[in-house]
Amino acid sequence: MNASVREADDARLITQAVAGCPEAFTELFNRYHPMIHAFAYRLSLCPGEAADIAQDTFIQAARSLATFRRESSFKGWLYTIATNKGRDRYRQRIRRERLTTDYTLLETGAHDVISDEAIIVREALAGLPPDLREAVTLIYYEGMNHADASRVLGCAETTVSWRIFRAKQRLKKQLRLSSVRKSPSP
């Protein structure tokens with residue numbers, strides 16, 4: 001389904017959902033949940049947090065659907081909500097972690113089987129400030145251009161470009177350090 005057809009279909013489903021048709025919102029949920037869940041995972045790097053962010057995103061979308069301005073795509077609107085929910089969760093987690101002495105940014109599921117390289121990349125991403133990680137996730141994982149990412153993040157396109165530039169600098173440095181640590185000693 002091409003973008004214009006999908007947006008027209010989304011508009012029809014939104015109209016039906018606002019009118020009280022639960023099946024219409026269910027169809028929107030089924031269409032976009034996997035995408036939003038994957039995005040939330042890339043933001044939080046934690047399966048449980050990702051599920052909560054995705055759930056919170058769709059709860060907010062259901063509650064606010066009548067106020068959705070159709071100036072942007074429904075997909076972009078969901079990304080914006082998910083970004084804000086991810087930020088909220090991040091702030092909550094930081095507050096909780098400050099109250100305890102157990103501080104860990106990167107959590108992995110007990111059943112995850114991932115390569116050493118993937119772990120190094122995840123750790124490097126986890127070390128980025130949230131604003132840089134959000135930009136990297138939208139551009140490189142979600143395939144958005146800088147203009148779309150700027151709308152989702154609520155900032156100027158040049159800000160997104162700057163965040164990507166800074167993130168690349170930090171990631172290169174972090175990945176270089178990780179490779180030095182992993183290198184065998186002579």
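Values as computed for the structure displayed
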item	result
Single residue of the stretch 75-102 satisfying the filter (more than 20 Å from Arg42 (Cα to Cα) and of a type outside the set (Val, Ile, Thr)) that is modelled with the lowest pLDDT	Asp102
Residues located in the stretch 7-30, provided they are assigned to a helix (DSSP H, G or I), free of Cβ contacts under 8 Å to residues at least 24 places away in the same chain and of a type outside the set (Ser, Thr, Tyr)	Ala8, Asp9, Arg12, Leu13, Gln16, Pro22, Glu23, Ala24, Glu27, Asn30
Restricting the stretch 1-31 to residues that are of a type in the set (Ser, Thr, Tyr) and over 18 Å from Thr67 (Cβ atoms), the residue that is surrounded by the fewest Cβ atoms within 10 Å (Cβ to Cβ)	Ser4
Odd one out for Ala61, checked against (1) farther than 22 Å from Gly86 by Cα; (2) of a type in the set (Gly, Ala, Ser); (3) in contact with a Leu (Cβ under 9 Å, 6 or more places away or on another chain)	(1)
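The values are calculated or read from the model by the stated rules, or taken from the named source; none is laboratory data. Since we're looking at a predicted model, the values are computed, not measured. FYI the Cβ positions are ideal-geometry reconstructions off the backbone, even for glycines, and counts take in every protein chain you see.
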